[in-house]
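Worksheet: one structure, shown below.
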Amino acid sequence: MQSKLNKQQRTAFYNSVAWRQLRNHILERDNHECQWCKANGLVVTDMNTVLEVDHIKELEYYPELRFDEDNLRTLCKDCHNKRHGRMNYRSNGKGKHTNKWKDDERWD
């Protein structure tokens with residue numbers, strides 16, 4: 001593990017052209033869908049919320065993984081906030097996150 005990145009170094013990284021290009025690539029790879037919501041049967045895209053690209057192993061502590069595509073995933077703002085323990089996510093189950101498949105027949 002390399003040394004920890006400070007806030008100024010992280011800000012410079014997130015403002016770089018290389019990050020913006022990689023971020024766009026990850027959004028496309030993930031079909032512009034929140035991967036956590038998708039795993040729960042919900043369809044959450046950039047058409048109905050803000051999407052962010054998350055470093056699974058955090059940039060601050062694992063700067064060597066900053067460009068590793070296997071360490072990146074698309075999350076909606078709510079899931080990203082939840083993942084980092086921020087309090088401004090909707091935990092009441094209401095809002096934009098709807099299960100488009102809830103009434104479909106299930107095959108077990």
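The values are calculated or read from the model by the stated rules, or taken from the named source; none is laboratory data. Just so you know, these numbers come straight off a predicted model, no measurement behind them. Positions of Cβ are backbone-derived with ideal geometry, glycine not excepted, and every protein chain shown enters the neighbour counts.
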Inset, instruction - Please verify whether the range 40-49 includes one or more residues that are under 22 Å from Lys82 (Cα atoms) and modelled with pLDDT of 95 or more. - result: no
Inset, instruction - Six or more apart or on different chains, Cβ under 6 Å: which pairs go from a residue in the range 38-57 that's over 11 Å from Leu75 (Cβ atoms) to one that's buried (at least 16 other Cβ atoms within 10 Å of the Cβ)? Could you list them? - result: Leu42/His97; Thr45/Glu33; Lys57/Leu65; Lys57/Asn71
Legend entry - Yes/no for Asp68 being at pLDDT 95 or above, surrounded by 15 or more Cβ atoms within 10 Å (Cβ to Cβ) and not polar (S, T, N, Q): no
